[in-house]
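The values are calculated or read from the model by the stated rules, or taken from the named source; none is laboratory data. Bear in mind that the values here come from a model prediction, so they are computed numbers and not experimental data. When we count neighbours, we look across all protein chains shown, and the Cβ atoms used for this are built from the backbone with ideal geometry, even at glycine.
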Amino acid sequence: MIVLVMGAALLIAGGLMVVGNQAGEVDVSRYPTKGQADAPVTIIEYSDYGCTHCRDFILNTLPLLEAEYVDSGKVKYVVHPYYLGDSTIGLATEAAWCAQDQGKFFEYQHALFENQGMMLLNQDSLVALANELGLDGNAVAQCLASGAHRTDVGQATQAAANRGVNSTPTFFINNRRIVGNKPYSEFQSIIERELAAAQ
């Protein structure tokens, strides 16, 4: 998954960072990021907008992680948008990237999960959601109609497959893999071990 405006925004927000893994290197500077660029722990989440466990993580677990670790500069949180083949989810993923062009990826993602199962994932509804969030809906509509991020979505999906990701949510906390939305205490335990190792 970059148009120049989006690439610049991501580089400013997250800096250039590459995380190693068994399948090679992952350039996480290409993806939406929260937290300090030099945080000792990086969490990469592979997420699908049709996934109920992803929804539970975003709405319930992530706010706890942000309050304790991201806001304090200990953790950098990176979203690797990814979908498992449903074309409507693919369109929603494109829409989230279009929202990122306006600096509103995380707000749009949160709204998609809040409305999961309650809205049709077509261009009209995705643009309407953008308008509700105060985005430029016309720009989102043009972005979707032109397929501006279609290649980005496809490349991100292939990158996930290259890393062996085949279900969502999948997380890498540094290089420790977690599959599924585990209890907050499990995330906490792994993060604390990684923080200790980084000292």
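Quick notes on this structure:
- Hits in the stretch 87-107 (condition: of a type outside the set (Gly, Ala, Ser) and more than 12 Å from residue 143 (Cβ to Cβ)): 88, 89, 93, 104, 105, 106, 107
- Pair list, Cβ < 6 Å and 6+ apart or interchain, from the stretch 171-185 residues that are assigned to a strand (DSSP E or B) to residues that are buried (at least 19 other Cβ atoms within 10 Å of the Cβ) and among the aromatic types (Phe, Trp, Tyr): 178/171
- The residue that is nearest to the chain's Cα centre (by Cα), counting only those in the stretch 95-107 that are surrounded by fewer than 24 Cβ atoms within 10 Å (Cβ to Cβ) and assigned to a helix (DSSP H, G or I), is 106.
- Checking each residue of the stretch 46-60 against the condition of being among the β-branched types (Val, Ile, Thr) and more than 16 Å from residue 156 (Cα to Cα) gives at least one match.
- Residue ID - farthest from residue 179 (Cα to Cα), chosen from residues in the stretch 32-46 that are of a type in the set (A, V, I, L, M) and outside any strand (DSSP E or B): 37
- Residues of the stretch 83-100 that are at pLDDT 95 or above and more than 19 Å from residue 124 (Cβ to Cβ): 100 alone.
- Taking the listed residues 87, 72, 47, 29, the one that is surrounded by 21 or more Cβ atoms within 10 Å (Cβ to Cβ) and on the phi < 0 side of the Ramachandran plot is 47, with no other qualifying.
- Conditions (1) in contact with a helix residue (DSSP H, G or I) (Cβ under 7 Å, 6 or more places away or on another chain); (2) surrounded by 22 or more Cβ atoms within 10 Å (Cβ to Cβ); (3) part of a helix (DSSP H, G or I); number of the one not met by residue 57: (1)
- Residue within the stretch 109-127 that is buried (at least 18 other Cβ atoms within 10 Å of the Cβ), touching a His at 6+ places or on another chain (Cβ under 7 Å) and either outside any strand (DSSP E or B) or not hydroxyl-bearing (Ser, Thr, Tyr) (or both) present: no
Let's see how each residue does on (1) at pLDDT 95 or above; (2) closer than 18 Å to residue 49 by Cα; (3) within 18 Å of the chain's Cα centre (by Cα):
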{"residue": "124", "(1), (2), (3)": "yes, yes, no"}
{"residue": "127", "(1), (2), (3)": "yes, yes, no"}
{"residue": "137", "(1), (2), (3)": "yes, no, no"}
{"residue": "154", "(1), (2), (3)": "no, yes, yes"}
{"residue": "160", "(1), (2), (3)": "no, yes, yes"}
